[in-house]
Amino acid sequence: MHGPTSRGQVVAAVGVLLVVVAPLSAVSVPPSVLGATQPAEQVDSCRTIDEPGAYELAGDVSGTAADACIRVAASDVVLDGNGHTVAGRNASATGVLVARGETASATAEGALTNVTVRNLTAANWSDGVALGTLDGGGSDLRVADIAVRENRRAGLRLSNAENVTARNVTATGNGDGVTLWETRNSTLRTVAAAGNGEYGVSVLTVSRENTLRNVTATGNGGDADRGAGVYFSTDTGDNVLVDARVGDNRGTGVRFSDSFGNTVRDGVVAGNDDAGVFGVPSYEDALRNVTATGNGGPAVGHEPSESASAFVAERLRLGDAASVSFDAGPVGVERADATDLPEPPRPLASEDGVSLSGVESGVTTTLSVDDAADSSLWRYDGTDWAQVAGASADGDSGTVSGTVTGDGTVVALDGTAPSGPESEDGQSGPSDESEQRGQDEERDETRETDGETPGDGTLVVQATTDDDFSYLFVVDGDAEGVETDDVAADSGDSVVDNGDGTVTVVGSTGSNAGDAFEVDGEVVEFYTPASAADYVLELDGEDVTDEIPEPNEE
């Protein structure tokens with residue numbers, strides 16, 4: 001026989017019941033769980049999503065909304081575009097906006113969390129896809145597999161956001177491709193930004209501790225002086241750009257302005273119309289294991305009026321010719337043609353040199369030479385030649401290295417025979433200029449002289465050694481990856497439309513393998529940090545390696 005139930009027991013039982021039947025909106029549920037536990041609600045027109053749940057586009061959506069076509073104003077939402085397009089006809093609105101609305105705030109109560117937008121295209125808006133606004137943002141937001149094109153301001157814009165993950169983003173023909181504004185602790189992975197009017201990727205205004213990985217920025221910038229492939233500006237710090245390919249932009253490759261402590265690592269900056277890397281100013285932004293070559297301006301430069309501008313460099317490579325490393329300072333770096341200098345004290349060991357400016361402390365400089373054991377480093381300061389003290393040669397790597405403590409052009413000279421009418425030992429040296437400069441004076445004259453470069457056919461980038469390398473080439477026309485009997489383009493190789501009738505192909509190969517592309521048009525430039533012995537270019541089976549110029553090569 002049961003005894004009487006007390007009032008306290010009844011209250012406890014009701015409390016348990018309330019927990020069991022608590023509505024879904026009171027619980028933060030991962031979007032993956034939402035999508036798996038309930039059918040997605042169909043979206044077939046512009047609307048506001050203000051309840052948690054799974055949503056999907058039923059087809060293409062277009063509109064002229066004054067604010068946003070599709071606004072996600074609730075947490076715990078998945079919006080799947082199913083490959084459809086959100087198209088605009090009003091440049092002042094946003095295609096897809098993740099933000100609470102006019103009452104949005106940056107506080108924990110106002111910020112959205114746990115929202116995913118994926119698998120859609122947003123075109124012809126002010127911002128294509130925007131996470132957060134200047135008035136409020138969110139955290140733990142995700143974007144994946146989106147294309148944003150021909151949007152007036154930005155393709156993808158992150159504002160007042162943190163812990164955002166963006167993956168597989170293609171941004172073409174926008175004002176800016178991808179913009180981060182006051183964004184923190186976020187990761188962008190596999191971003192292709194091409195043919196955007198000003199910047200491919202811009203990290204702006206107190207954006208901190210973000211990571212941008214596997215970024216391709218090509219063909220960005222127009223007539224504006226500020227255009228660049230990648231741009232860090234206005235109190236941005238501690239961001240990392242890694243595995244980036246920044247090339248063929250109509251301006252600077254990577255530009256820094258009032259930024260500090262950002263790092264560019266393991267990337268290639270090549271074939272840009274202006275400087276490879278430029279500070280306006282930079283405050284100890286770092287370049288680590290970066291290749292900067294074939295740009296229209298210096299590899300590293302600074303605004304002349306910004307005396308406080310400073311970079312840090314560790315293994316900054318100028319193609320396969322040279323590399324430099326230095327602590328924070330206003331150092332400018334440019335690849336130089338040693339044959340343009342006045343007659344050196346000894347024959348040149350290589351035609352390549354490095355021009356340094358703004359040297360305040362030591363710059364470790366390494367040059368590649370054919371015969372390292374008999375080479376030494378020298379610096380021409382505009383008036384006199386001086387040998388770099390303490391330089392050392394490495395016969396295994398074919399390099400000679402030393403610490404340079406002043407401005408000038410650094411070259412490698414042959415240490416075996418002095419030149420000039422009379423040497424230090426009183427013996428006559430070679431007096432003919434061609435002998436003084438050695439066999440390296442011979443230039444590559446195998447390139448076609450009719451003004452045309454190869455094209456229209458199957459171009460194969462073939463590795464000839466076990467070494468892996470990346471490459472970039474530009475086609476005045478079109479290109480696509482293909483498979484031949486022996487090689488095929490890899491899934492990681494990309495063809496990016498620059499929006500001006502050209503495409504940039506970015507890829508990698510190695511281990512005696514190769515990639516193949518069907519080219520419709522001329523291959524106007526090709527760049528790789530690999531040495532000449534590591535690869536060959538073949539067009540329809542014919543070697544055209546020496547017929548395709550490097551970027552900005554005259």
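The values are calculated or read from the model by the stated rules, or taken from the named source; none is laboratory data. No experiment lies behind these values; they were computed from the predicted model shown. We place every Cβ from the backbone using ideal geometry, glycine too, and count neighbours over all the protein chains shown.
Structure values in brief
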quantity: Verdict on S45 being assigned to a loop (DSSP other than H, G, I, E, B), at pLDDT 95 or above and surrounded by fewer than 22 Cβ atoms within 10 Å (Cβ to Cβ); calculated: yes
quantity: Among residues of the range 356-403, those that are free of Cβ contacts under 8 Å to residues at least 12 places away in the same chain and of a type in the set (V, I, T), counted; calculated: 1
quantity: Matching strands (runs of 3 or more DSSP E) fully within the range 481-543 where at least 3 residues are of a type in the set (D, E, K, R); calculated: 514-527
quantity: Output for the range 361-410, where each listed residue is among the small types (G, A, S) and part of a strand (DSSP E or B); calculated: S368, S375, S376, A386, S392, A393, S401, G402, G408
quantity: Breaking point among (1) surrounded by fewer than 19 Cβ atoms within 10 Å (Cβ to Cβ); (2) closer than 14 Å to F311 by Cα, for S282; calculated: (1)
quantity: Yes/no for A299 being under 30 Å from V503 (Cβ atoms), among the aliphatic types (A, V, I, L, M) and modelled with pLDDT under 95; calculated: no
quantity: Failed item in (1) surrounded by fewer than 19 Cβ atoms within 10 Å (Cβ to Cβ); (2) under 23 Å from G251 (Cα atoms), with V178 passing the rest; calculated: (1)
quantity: Residue identified as assigned by TED's automatic domain parsing to the domain that holds D396 and modelled with pLDDT of 95 or more among L356, L341; calculated: L356
quantity: Of all residues making up the range 258-273, the number that are of a type outside the set (D, E), assigned to a strand (DSSP E or B) and in contact with a Pro (Cβ under 9 Å, 6 or more places away or on another chain); calculated: 3
quantity: Residues that are modelled with pLDDT of 95 or more and touching a Gly at 6+ places or on another chain (Cβ under 6 Å), drawn from the range 130-145; calculated: none
quantity: Answer residue from the range 161-175, given it is over 19 Å from the mean Cα position of the chain (by Cα) and surrounded by fewer than 24 Cβ atoms within 10 Å (Cβ to Cβ) and is nearest to S92 (Cα to Cα) among those; calculated: E162
